[in-house]
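The values are calculated or read from the model by the stated rules, or taken from the named source; none is laboratory data. A quick note: this is a predicted structure, and the numbers were derived from the prediction, not measured. A quick note on method: Cβ atoms are made from the backbone with ideal geometry, for glycine too, and the neighbour counts reach across all protein chains shown. These area figures cover heavy atoms from the full protein model, side chains too; ligands, DNA and RNA do not enter into them. Shrake-Rupley method; radii C 1.70, N 1.55, O 1.52, S 1.80 Å.
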Amino acid sequence: MAKKKTIDFQALLNEVDTLFPTYQALDQDGNVVDESLVPDLSDEQLVELMSRMVWSRVLDQRSTALNRQGRLGFFAPTAGQEASQLASHFAFEKEDVLLPGYRDVPQLIKHGLPLYQAFLWSRGHVVGNEYKDDLQALPPQIIIGAQYVQAAGVALGLKKRGKKNVAFTYTGDGGSSQGDFYEAINFAGAYKANGVFYIQNNGFAISTPRDQQTAATTLAQKAVAAGIPGIQVDGMDPLAVYTVSKLAREWAANGNGPVLIEAVTYRYGAHTLSGDDPTRYRSKELDDEWQKKDPLIRFRNYLQNKGLWTKEQEEEVMENAKQEIKDAIAEADKVPKQKVSDFLKNMFEEQPQNIQEQIKFYEAKESK
Amino acid sequence: MAQKTMIQAITDALAVELENDKDVLVFGEDVGKNGGVFRATADLQDKFGEEQVFDTPLAESGIMGLSFGLALEGYRAVPEIQFFGFVFEAMDEIVGQIARTRYRMGSTRNLPITLRAPFGGGVHTPELHSDNLEGLIAQAPGIRVVIPSNPYDAKGLLISSIKSNDPVVYLEHMKLYRSFREEVPDGEYEVPLDKAGIAKEGNDITIVTYGAMVRESLKAAENLAKENISVEVIDLRTVSPIDMETIIASVEKTNRVVVVQEAQKQAGVAAKISSDIAEKAILSLEAPIGRVSAPDTVFPFGQAEGIWLPNAADIEEKVKEIANF
Ligand SMILES: Cc1ncc(C[n+]2csc(CCOP(=O)(O)OP(=O)(O)O)c2C)c(N)n1
């Protein structure tokens, strides 16, 4: 009798893990650990990227304060995720289409959404979602995973039109459990569509830790089943994030199909400012450990060593950001209140009877 | 007895059933350590352990499919959908699968599942958190939709739902969670499913409503009493299927009726009630059936909720119109 073949399941599992190392260019102190991942960015571009990251940190701090004063509405903190958000976005073109999640407002603003509109979105005002034709983006998505399947569609559309552009989209570690996540990367893979799909793995989906989402060792490896490349990158390292993103964009834009990127990062703040208390699920030790990996410190050290960044420069960026925010809030304050009659007019291009009746009713009510 | 908010009453009901029946399982996104985003499941994991109270990965279709499977294995599943607007992700499981299984298998299987979820306007949530989607589920036979309007009912109805062998969608209006307290008995008691309650008796006109609109209607009734209009307020409690007997008896007494819902006007629960009244009691009516609802737009941007949501003043106006017809 032939010997039965035994299969070592544990070995199968272990084998997958070796395929997904964490790409890193800079160590915690800003020293280069992998020269091959340092991008060919000019000095001006490096400074611009740092400025954007500092701007984003200021926006986070000011938004938190404005929320507490009741001058903003919904806010999902972003501090800690600057490299993951701004360095990835830096790799894309204005004509690439951004499909953001609710935490991806900094990228949206850098993609062209006026800041005062981002504030209006936060306040729950429709003007915040009135996007100019040349803004290649959708408003932040609240339904987790919904932007992913849509990104697959945009990515296919771009490919069919023969454009060398891509759709790029973000979700969280939690979002990577959603059915839409799998459907999206599978569709995009099947059509070899021009998509770049990010998972910003910040360790928690509200309170649920990453290891409760899946038994997979990395989230990047979810790409395997879709037949597309998956990469895990140190999401606190702006240079590695940029390089990986740029390469993924080129790959997708040139018709090779989509890429899945997992950026390993951290959010210092609460999940959102709507009543979440991170001390219920996160320890101070964990916070401290991640603060040491801060993308701003890391990039600042790197740039200072190259003689490209000074304290004064950073202060200037911060002052400018604060002024910009102040002006944007003032502009948002000037926008007139919303009317239910206008909402009714927005429902259809041609108004059916029921809507016409209701427009009259609310116009009368609003004129009282 | 103690004075409790609606959310405390809900936590209480869950604790009672987790204690009484070890096959009761409470699960969903963030329900464990965090105790849910509204703390409805606060401390339950500490008390009952991770086998009975646990976090799930972030996937609503998965949560409801899990509920289906656990119920088939004899557990009483009490899943939480974090906000009811996220139910679309799980519509197939709820309406396409869970609601039909007993029928489909010739009543040889039951699915004792109680889906809990917050919903309802007036608290300025982002998109799709507040939407009043009860009408969508009410469209499907085979599944109950329960909406309490106060702490006492919330506890009794939730216990009845969990003990029921049929699937229930149990919806918790966010604005009611902490807005007032009421005496809530300790331990187990039930408020029957499928039975409306009379929130206030009256003779001149009937208001039929549910959820947060019960309180708005009671406010309106109080003001209308000053103008000598005596209003009877019916709190549906179960919005699908609807207790038409109680409604018809009241309409036959008052001869006038206004149906109030927070949801948009088109289709939905109020439309069903109005048509049933027309069908069963048209000759008792001395005026058209009045309806108060939100307009037919998407649930509005946060800043405009105040105008969009129906309130006591809108109800008063409509009641006067129908009373003076
Ligand atoms: C379909 C859906 N389910 C649930 C929610 C509620 N919710 C909002 S954010 C969140 C956690 C998301 O975690 P993750 O995807 O890791 O992203 P992060 O917020 O950490 O950036 C949950 C459960 C939602 N918005 N949409």
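Restricting attention to region A:347-368, the residues that are facing chain B (nearest Cβ under 7 Å) and either on the phi > 0 side of the Ramachandran plot or open to solvent by 60 Å² or more (accessible area, probe 1.4 Å) (or both) total 1.
Within region B:92-136, take every residue that is open to solvent by less than 60 Å² (accessible area, probe 1.4 Å) and without any contact (Cβ under 8 Å) to a residue 24 or more places away in the chain and give me the one that is farthest from the chain's Cα centre (by Cα). So, considering only residues that are open to solvent by less than 60 Å² (accessible area, probe 1.4 Å) and without any contact (Cβ under 8 Å) to a residue 24 or more places away in the chain, the one farthest from the chain's Cα centre (by Cα) is B:Gly106.
Could you say whether any residue in region A:91-103 is within 16 Å of the ligand (Cβ to nearest atom), within 14 Å of chain B (Cβ to nearest Cβ), under 28 Å from A:Lys292 (Cβ atoms) and open to solvent by 10 Å² or more (accessible area, probe 1.4 Å)? Yes, that holds for at least one residue. Within region A:301-314, can one find any residue that is closer than 30 Å to B:Asp296 by Cβ, surrounded by 14 or more Cβ atoms within 10 Å (Cβ to Cβ) and among the hydrophobic types (A, V, I, L, M, F, W, C)? No, because not a single residue in region A:301-314 is closer than 30 Å to B:Asp296 by Cβ, surrounded by 14 or more Cβ atoms within 10 Å (Cβ to Cβ) and among the hydrophobic types (A, V, I, L, M, F, W, C).
From the list B:Asp46, B:Asp21, B:Asp55, exactly one residue is within 13 Å of the ligand (Cβ to nearest atom) and either aromatic (Phe, Trp, Tyr) or modelled with pLDDT of 95 or more (or both). Which is it? Just one listed residue meets the conditions, B:Asp55.
For beta carbons closer than 7 Å, sequence separation of 6+ or different chains, a first residue in region B:28-50 that is within 8 Å of chain A (Cβ to nearest Cβ) and a second that is modelled with pLDDT under 95 and surrounded by 20 or more Cβ atoms within 10 Å (Cβ to Cβ), there are no qualifying pairs. Does B:Ser250 meet the test of being within 21 Å of the chain's Cα centre (by Cα) and more than 30 Å from A:Phe74 (Cβ to Cβ)? So B:Ser250 does not fit the description; no. Looking only at residues in region B:55-82 that are within 9 Å of chain A (Cβ to nearest Cβ) and open to solvent by 30 Å² or more (accessible area, probe 1.4 Å), which one is farthest from the chain's Cα centre (by Cα)? Here the residue is B:Pro57. Residues that are within 16 Å of the ligand (Cβ to nearest atom) and touching an Asp or Glu at 6+ places or on another chain (Cβ under 6 Å) were ranked within region A:219-247; the one that is most open to solvent (accessible area, probe 1.4 Å) is A:Gln232. The residue pairs whose first member lies in region A:195-220 and is within 14 Å of another protein chain (Cβ to nearest Cβ), whose second member is open to solvent by 10 Å² or more (accessible area, probe 1.4 Å) and of a type in the set (A, V, I, L, M), and whose beta carbons are closer than 6 Å, counting only pairs six or more residues apart or on different chains, are A:Asn201/A:Val264; A:Ala205/B:Leu58. Could you list all residues from region B:12-25 that are within 16 Å of B:Tyr170 (Cα to Cα) and either touching a Phe, Trp or Tyr at 6+ places or on another chain (Cβ under 7 Å) or open to solvent by 30 Å² or more (accessible area, probe 1.4 Å) (or both)? B:Asp12, B:Leu25 - these are the residues of region B:12-25 that are within 16 Å of B:Tyr170 (Cα to Cα) and either touching a Phe, Trp or Tyr at 6+ places or on another chain (Cβ under 7 Å) or open to solvent by 30 Å² or more (accessible area, probe 1.4 Å) (or both).
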